[in-house]
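Working notes, structure below.
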Amino acid sequence: MIILREIGVLLRKEFMLEWKQKYAFNGLIMYVLCMVVVISLAFVNKLNPLTWNIIYWIIMLFVAINSVAKSFLSESSGQSLYLYGIASPTSIILSKLIYNLFLLGMVSIVALFSYSFLSDVRVEKMGMMILITLMGSMAMSANLTLVTAIASKAANQGTLMAVLSFPLLVPVLLVLIRLSRYAVEGFDAGLSSDSYLMLGGITVVLTIVSVILFPFVWRD
């Protein structure tokens with residue numbers, strides 16, 4: 001299909017640029033490690049599982065904002081016009097979603113293992129926590145990619161991005177904190193089935209809305 005071929009080409013472009021510059025991934029890894037080390041040293045033997053869980057998702061929130069914000073905000077009008085000429089809006093938004101998911105997923109896994117290793121809190125169900133982390137990366141990527149696409153068309157981009165993303169990120173973070181508490185404290189996984197469905201539903205809805213609305217935003 002033409003869309004799949006366009007997505008493949010656009011993803012290759014994103015990965016080649018990242019491999020050439022390496023500023024996004026390396027910068028995010030450095031940011032995560034600094035945050036983890038500072039928190040671990042500041043809260044030695046003082047972190048309980050709930051506090052550990054909340055701080056982890058606060059770290060991931062800032063990582064997501066810093067990683068996904070460059071999707072459209074860093075592109076010039078000339079680059080946007082060039083992309084408009086070679087690919088469909090659907091291919092562009094899906095390639096951005098996939099790339100942001102890959103980048104945020106890798107950084108979130110590094111953050112999870114480094115945070116677990118340096119802190120005194122033990123994650124009881126690490127496999128479940130990894131799954132929740134990846135699902136959270138998907139939800140935040142779908143959320144912020146659409147928001148940055150809309151904000152890139154406005155004059156005050158940073159303010160608009162904060163205003164638009166806040167009401168969408170709050171329910172996602174609340175569900176993620178509730179879900180990951182089952183993994184950190186070792187609760188029965190069956191109790192979290194409703195939260196899994198809610199998080200998955202939010203991600204699917206945000207992805208569909210992105211695909212539907214982005215062509216109108218792109219043509220503006």
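What follows is calculated from the coordinates using simple rules that are stated; it is not laboratory data. Quick caveat, the model's predicted, so the values are computed rather than measured. Cβ coordinates were reconstructed from backbone atoms using ideal geometry, including for glycine residues, and neighbour counts include every protein chain displayed.
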In nm, give the distance between the simple-model label positions of Asp120 and Val209, each being 7 Å from the Cα along the Cα-to-Cβ direction. 4.2 nm
Note, ³J(HN,Hα) from phi for region 171-187, Karplus 6.51, -1.76, 1.60, rounded to Hz, x at Gly and Pro: x, 5, 5, 5, 5, 5, 5, 5, 5, 5, 5, 5, 6, 5, 9, x, 6
Between Leu131 and Ile54, what is the label-to-label distance in nm when each label sits 7 Å out along the Cα-to-Cβ direction? 2.7 nm
